[in-house]
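Down below is the structure, laid out as structure tokens.
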Amino acid sequence: MKYMVLAAAVLFGSMAAAHELTPTYPKFNPSYLSGVSVTRMKLWNRREDVSYYELALYDEQWKPLPFATTNRLIQLEYLQSKSFEVYVRDSDLEKLEYICTTSKLLKDDVDSTGITSRICSRVK
């Protein structure tokens, strides 16, 4: 039984693909707005079955935090990348722990399992 589980992990483990979010540990800098900081992130889509990703910011208890960006829902085709900026109030920057992107599947595009992926960069 152990060998079957190990064989399944080896065979199917290499097939898993997710998207990428960089940098892993982003640094915030003052923006042109008073009391607001900004960081630049890059998202890369490694999933053929996904074209949309949702951006969200969380504190250490995984509670959502307010932020600003050009698009909270990012459309990105397979093997494409996109850079974007995230703006956060300085008062919320002290609470900010994670910047995350979550894959969003369209109802019509769900093939078999419809697995979503969430990738996070840690601020602190």
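Quick notes on this one:
- Restricting K95, K27, K63, K82 to those that are under 17 Å from R118 (Cα atoms) and over 15 Å from the mean Cα position of the chain (by Cα) reduces the list to K63.
- Residue match in segment 98-113 (condition: within 16 Å of the chain's Cα centre (by Cα) and not in a strand (DSSP E or B)): yes
- Annotation: of all residues in segment 1-34 being small (G, A, S) and either modelled with pLDDT of 80 or more or surrounded by 11 or more Cβ atoms within 10 Å (Cβ to Cβ) (or both), the one that is farthest from F67 (Cα to Cα) is A17.
- For the condition surrounded by 17 or more Cβ atoms within 10 Å (Cβ to Cβ), of a type outside the set (D, E) and without any contact (Cβ under 8 Å) to a residue 60 or more places away in the chain, S37 qualifies.
- Residues of segment 63-79 satisfying the condition of being more than 14 Å from E94 (Cα to Cα) and assigned to a loop (DSSP other than H, G, I, E, B): T69, T70, N71, R72, L76, E77, Y78, L79
- Inter-residue pairs, beta-carbon under 8 Å, first more than 22 Å from K82 (Cα to Cα) and buried (at least 16 other Cβ atoms within 10 Å of the Cβ) and in segment 49-70, second modelled with pLDDT of 95 or more and among the aliphatic types (A, V, I, L, M), 6+ apart: L65/L57; L65/V88; L65/L96
Results for (1) closer than 24 Å to Y32 by Cα; (2) touching a helix residue (DSSP H, G or I) at 6+ places or on another chain (Cβ under 9 Å), shown as yes or no for each residue.
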{"residue": "R47", "(1), (2)": "no, no"}
{"residue": "S51", "(1), (2)": "no, yes"}
{"residue": "L55", "(1), (2)": "yes, no"}
{"residue": "E60", "(1), (2)": "no, no"}
{"residue": "N71", "(1), (2)": "yes, no"}
{"residue": "E85", "(1), (2)": "yes, no"}
{"residue": "R89", "(1), (2)": "yes, no"}
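The values are calculated or read from the model by the stated rules, or taken from the named source; none is laboratory data. Because the structure is a prediction, the values reported are computed rather than measured. Every residue, glycine among them, receives a Cβ derived from its backbone with ideal geometry; neighbour counts consider all protein chains shown.
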